[in-house]
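What follows is a short report on a single structure.
The values are calculated or read from the model by the stated rules, or taken from the named source; none is laboratory data. Remember, it's a predicted structure, so these values are computed and weren't measured experimentally. Neighbour counts run over all protein chains shown; Cβ positions are idealised from the backbone, glycine included. For the accessible areas, the whole protein counts, side chains as well, though only heavy atoms, and no ligand, DNA or RNA atoms are used. Shrake-Rupley method; radii C 1.70, N 1.55, O 1.52, S 1.80 Å.
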Amino acid sequence: HHDEALRAAKAAMLIDAAKGVEAQTRKLYEVCRLKKLPIFTFANKMDREGKEPLEIIDDVENTLGMKCYPVTWPIGMGDEFRGLYHRTRKQLFLYTKGEELPKIVDVTGYTDPKISELVGVSYGVDLGKKLIDDLELLELAIGDFDRDEFLAGHVSPMTFGSAKNNWGVDLFLDLFC
């Protein structure tokens, strides 16, 4: 049983965006860290109210002693979830409730003014501007992806989405492959 859990753990961890890192996930991360196994992290349930993405990262980093490298970044959350920005592909994946396939838009980067037009405002917050603020902070804090650090189990590539709605899972699987 423990070996099966470990085999599964060699690949991916699912984090609940509302609850953060749960006890059983923490145990698996610890085993992976001891064995220096590379881990991918999927932050789930972005279509429900939960912690801010920066808080989720903080939670993972603090409880698991492992850095995160977000490859995608969520725009909005819960009922106001608008989709994901893909940091390496410079693409916007727009979410429409009830639709599995996102509308994909190429952008020049996270500061592209087109993003604000497409994602609009949520509860008085300009989501495009919030994306810029979040990612400027992130770029400073996180730096570039280091493959060796990943392979040594020190940094976890991270994506966001909703497994129940099969949304963002394909991006996670692409990254994983």
- prompt: Which number in (1) closer than 28 Å to R26 by Cβ; (2) touching a strand residue (DSSP E or B) at 6+ places or on another chain (Cβ under 6 Å) marks the one condition that A152 misses?
  reply: (2)
message: For the stretch 93-107, give me each residue that is at pLDDT below 90 and more than 9 Å from G83 (Cβ to Cβ).
response: K97, G98, E99, E100, L101
message: I'm trying to understand the selection: among the residues of the stretch 50-93, which are open to solvent by 20 Å² or more (accessible area, probe 1.4 Å) and of a type in the set (A, V, I, L, M, F, W, C)?
response: L54, M77
- request: Output the residues belonging to the stretch 43-58 that are of a type in the set (D, E, K, R) and over 16 Å from V155 (Cβ atoms).
  value: K45, D47, R48, E49, K51, E52, E55
message: Looking only at residues that are over 24 Å from V21 (Cα atoms) and among the aromatic types (F, W, Y) in the stretch 104-161, which one is surrounded by the most Cβ atoms within 10 Å (Cβ to Cβ)?
response: Y110
- prompt: Inside the stretch 53-78, can you point out the residues that are without any contact (Cβ under 8 Å) to a residue 12 or more places away in the chain and charged (D, E, K, R)?
  reply: D58, E61
query: Inside the stretch 32-49, can you point out the residues that are within 23 Å of L131 (Cα to Cα), basic (K, R) and open to solvent by 70 Å² or more (accessible area, probe 1.4 Å)?
result: R48
- request: Considering (1) more than 18 Å from P53 (Cα to Cα); (2) touching a helix residue (DSSP H, G or I) at 6+ places or on another chain (Cβ under 6 Å), say which one E99 fails and leave the rest.
  value: (2)
- prompt: Restricting attention to the stretch 139-160, and to residues there that are in contact with a Pro (Cβ under 8 Å, 6 or more places away or on another chain) and in a helix (DSSP H, G or I), which single residue is nearest to G76 (Cα to Cα)?
  reply: I142
Matching residues in the stretch 22-81 - criterion: being out of contact with any strand residue (DSSP E or B) (no Cβ under 8 Å at 6 or more places or on another chain), of a type outside the set (K, R) and at positive phi: G65, G78
